[in-house]
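Worksheet: one structure, shown below.
The values are calculated or read from the model by the stated rules, or taken from the named source; none is laboratory data. Since the model is a prediction, treat every value here as computed from it, not as a measurement. Cβ: placed from backbone, ideal geometry, glycine included. Neighbour counts: every protein chain shown.
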Amino acid sequence: MLRGAVTSKKSVKMGGIKVKSDLFQKFLAFGVLIVLSIFFGILTKGIFLKVDNILTIALHVTPYAILGFGLTFVLITGGTDLSAGSVLGFGGIVCAKAITLGVSIPVSIVLGILAGVLAGLINGLFVTKLNVTPFIATLGTQFAFRGLTQLVGQGKPVSIRALGDEKIISVFQFIGSGTIFGKVPFPTVIMIVTAIILGIILSKTAFGRRLYAVGSNEEAARLSGINVIKTKLIAYIICGATASMAGILLAARLVSAQSNAGQGYELEGIAAAVIGGTSVMGGEGGILGTVIGAFVMGVLRNGLNLLKVDAFVQMVIIGIIIVLGVWYDTARRKKQAESV
Amino acid sequence: MKKALSILLVCILVLSMLVGCTSGGKESGADKETSTPVSAGDSARDSSGDSSGDSKVIKIALITKMVDSPYWQTVKRAAEEKAKELGNVEVTHLGPPTEADIDKQVQIVEACINDDYDGIILAACDVDALVEPVKKAKAAGIPVVMIDSGISEPVYDAFLATNNVQAGAECAKLMAELIGGKGQVAIINFAAGTQTAIDRETGFTEEIKNNYPDIEIVGVQYCNSDPTVAANQATDFITAFPDLKGIWGANDQSAIGVAQAVTEQGKSESIMVVGFDNSDDIKAGLKSGTIKGTAVQMPTLMGSRGVEIVLDIINGNPPAEKDIDTGVTMVTTENMNDPKIDAILNQ
């Protein structure tokens, strides 16, 4: 009943209320980010606010943010992708393996992303065609893709450095940790460009609107003629593609693909999306929010590190922040539903 | 339509598995080409024929956690070389397909007891599951020497492994030497709550505390063996402590991440990085100078000493101490070109 009520309001007033609540959520997350930054800036006597440190944070949050973008798409459909971390590892190691086998870097990157697309397609087919709950389907593929990653790497890292080819090493390293426009990390530029493209797809295209419709009320979306299966399938494919992108960037940063890369990262990505206002219940969310969410996590980690907070205390604090984010989301939805 | 799609899905899955397997198959194929399985056992037999044949050939089963990995191939090579050197010893290398196949390893040990082996060298896949098989072997009068990974009850005759407390202390000594005995250092450990990690960290911090009063350990972070996380944590240490002199990465992945952070921050001259183990990436770091030194464990010693100790036990001279530290060798940018050290680094 409640869900129906929320949805009808949304489908009637696509523009008005939804956009307003999204904006408010983003504003809130952004506010938290600013408050945290000022807080850490004062406590670290300005070290935190130095340009170098801000750019460091930007480099650090990049893989989580990119992973979070794809997860945002899947979460909006009301699904989830627990295999994203494994797909990250898979994409990275396929790319690195291809390079070690003598394939050129651009082609290797394409192969890595294709591996992610294929993984996303498999997840999507499990969820849509075989009707397996996303949680269970992607929990299963989490193991399967990790296994494939280990197989490709034979349980060891695939080192590009060990090739000894300085040109390949320097190009690959630039992709992972090089800087342009002065000191801006190249991967962060990739993240921003990806964010803009995916943000436009989500907010300005018919596909984006269908995604929200499917996530709000699947049955209603189906009845109004939306191809639910196709829409969901594309969301999972995008998630696989962004996960493998993040994996390639991580492999490039270390000039070596780890077969355990990305373990647990899916939860970081989901946390970033949720803190940024994407609902785990589906139907709501956006890319900008996920960027902000990833930065909230990154700023917390960096700030707490600079303040020399004990590693175990940090885990407790970050855990509490995630719970607060989800609690706020649930409370707000309930309130919204009641106000209709 | 639905059926067609499910068939397609199955096809994709099978295909992706095949892709994974073939690339895996190629790798292991390459492994087999370079190492020569069984042949060393044959040559050991040949040489026993040469050496006047005063007594019967002593058959030793070397049972590792898996067979087809560079690490265990190194152990096997060392054991076979020692067997060849001794003349009347024959080593057979056995093991389950993967480290997770605990029950298979149990079966292998039991088969060896029923076979006519005179001694067993064993790296246990599981601390508990292998206790009973080892007891059985002992009851059958077969000496058992554990290497690398032990079992929860000390029913074996000897246990050869790296003493990680000692190894951590060695890293601390090298770090102290590199930074001139004073200044701030940070630790990136690979896991919280794992015994190996705890031991290494304890060894490092105790050594600094007891012998280097002018060195301050500014903090410990745990990267869960994720080099990217290690790199991020190391970068934050560098930002928080502008005078930082050194960072120790307590395993392979931690050290790789630390080296990356130091490179990114342009501090490879001023911040000393000490690592652990000898993966390809660590070797590359040593060559480029971003990693100044690393603690290399001695699988070769586990293989060769393992054979020697089995023989000692058969001859009635069991080792005085059951637990034997095979130690680590500190490989540094200074000594890495020494042929002896190079052999250890590339063992």
_Take the residues in segment A:237-258 that are outside any helix (DSSP H, G or I) and out of contact with any Leu (no Cβ under 9 Å at 6 or more places or on another chain); name whichever of them is farthest from the other protein chains (Cβ to nearest Cβ)._
A:255
*Which ones in segment A:118-157 are surrounded by fewer than 17 Cβ atoms within 10 Å (Cβ to Cβ) and either aliphatic (A, V, I, L, M) or at pLDDT 95 or above (or both)?*
A:130, A:136, A:139
_Any residue at all in segment A:208-220 that's touching a residue at least 40 places away in the same chain (Cβ under 8 Å), in a loop (DSSP other than H, G, I, E, B) and buried (at least 21 other Cβ atoms within 10 Å of the Cβ)?_
yes
*Which one is nearest to residue B:201 (Cα to Cα), of the residues in segment B:257-309 that are within 14 Å of chain A (Cβ to nearest Cβ) and under 17 Å from the mean Cα position of the chain (by Cα)?*
B:275
*Matching option when the condition is part of a helix (DSSP H, G or I) and more than 13 Å from every other protein chain (Cβ to nearest Cβ), among A:122, A:93, A:109*: A:109
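So, in segment A:100-117, exactly how many residues are among the aliphatic types (A, V, I, L, M) and at pLDDT below 95?
Qualifying residue count, segment A:100-117: 3.
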*Pair list, Cβ < 6 Å and 6+ apart or interchain, from segment A:33-53 residues that are assigned to a helix (DSSP H, G or I) and of a type in the set (S, T, N, Q) to residues that are surrounded by 13 or more Cβ atoms within 10 Å (Cβ to Cβ) and modelled with pLDDT of 90 or more*: A:53/B:239
*Output the residue which, of all residues in segment B:140-193 that are under 16 Å from the mean Cα position of the chain (by Cα) and farther than 30 Å from residue B:110 by Cα, is surrounded by the most Cβ atoms within 10 Å (Cβ to Cβ).*
B:168
*Is it fair to say residue A:315 is in a loop (DSSP other than H, G, I, E, B) and either in contact (Cβ under 8 Å) with a residue 60 or more places away in the chain or under 26 Å from residue A:146 (Cβ atoms) (or both)?*
no
*Would you be able to say whether some residue in segment B:229-241 is more than 14 Å from chain A (Cβ to nearest Cβ), hydrophobic (A, V, I, L, M, F, W, C) and surrounded by 23 or more Cβ atoms within 10 Å (Cβ to Cβ)?*
no
*Among the listed residues B:279, B:304, which satisfies the condition of being over 16 Å from residue B:248 (Cβ atoms) and in the same structural domain as residue B:158 (by TED's automatic domain parsing)?*
B:304
*So residue A:190 fits all but one of (1) surrounded by fewer than 19 Cβ atoms within 10 Å (Cβ to Cβ); (2) more than 19 Å from residue A:65 (Cβ to Cβ); what number is the exception?*
(2)
*asked:* Checking the condition touching a residue at least 12 places away in the same chain (Cβ under 8 Å) and in contact with a strand residue (DSSP E or B) (Cβ under 6 Å, 6 or more places away or on another chain), which residue from B:261, B:250 passes?
replied: B:250
*For segment B:195-228, which residues satisfy the criterion of being among the polar types (S, T, N, Q) and more than 14 Å from chain A (Cβ to nearest Cβ)?*
B:195, B:196, B:202, B:205, B:210, B:211
*Could you say which residue among B:144, B:109, B:127 is touching a Lys or Arg at 6+ places or on another chain (Cβ under 7 Å) and among the β-branched types (Val, Ile, Thr)?*
B:144
*Would segment A:238-253 turn up any residue that is among the hydroxyl-bearing types (Ser, Thr, Tyr) and more than 21 Å from residue A:196 (Cβ to Cβ)?*
no
*Residues being without any contact (Cβ under 8 Å) to a residue 60 or more places away in the chain and small (Gly, Ala, Ser): count how many of those fall in segment B:297-347.*
3
*When segment A:259-290 is examined, which residues are found to be within 14 Å of chain B (Cβ to nearest Cβ), touching an Asp or Glu at 6+ places or on another chain (Cβ under 8 Å) and not in a helix (DSSP H, G or I)?*
A:260, A:261, A:263
*Name the one entry in A:103, A:110 that is free of Cβ contacts under 8 Å to residues at least 24 places away in the same chain and closer than 30 Å to residue A:229 by Cβ.*
A:110
*If you check residue A:170 against the conditions, is it among the small types (Gly, Ala, Ser), assigned to a helix (DSSP H, G or I) and under 18 Å from residue A:72 (Cα atoms)?*
no
*Could you tell me which residue of segment A:298-312 is surrounded by the fewest Cβ atoms within 10 Å (Cβ to Cβ), considering only residues that are free of Cβ contacts under 8 Å to residues at least 24 places away in the same chain and either within 22 Å of the chain's Cα centre (by Cα) or more than 8 Å from chain B (Cβ to nearest Cβ) (or both)?*
A:310
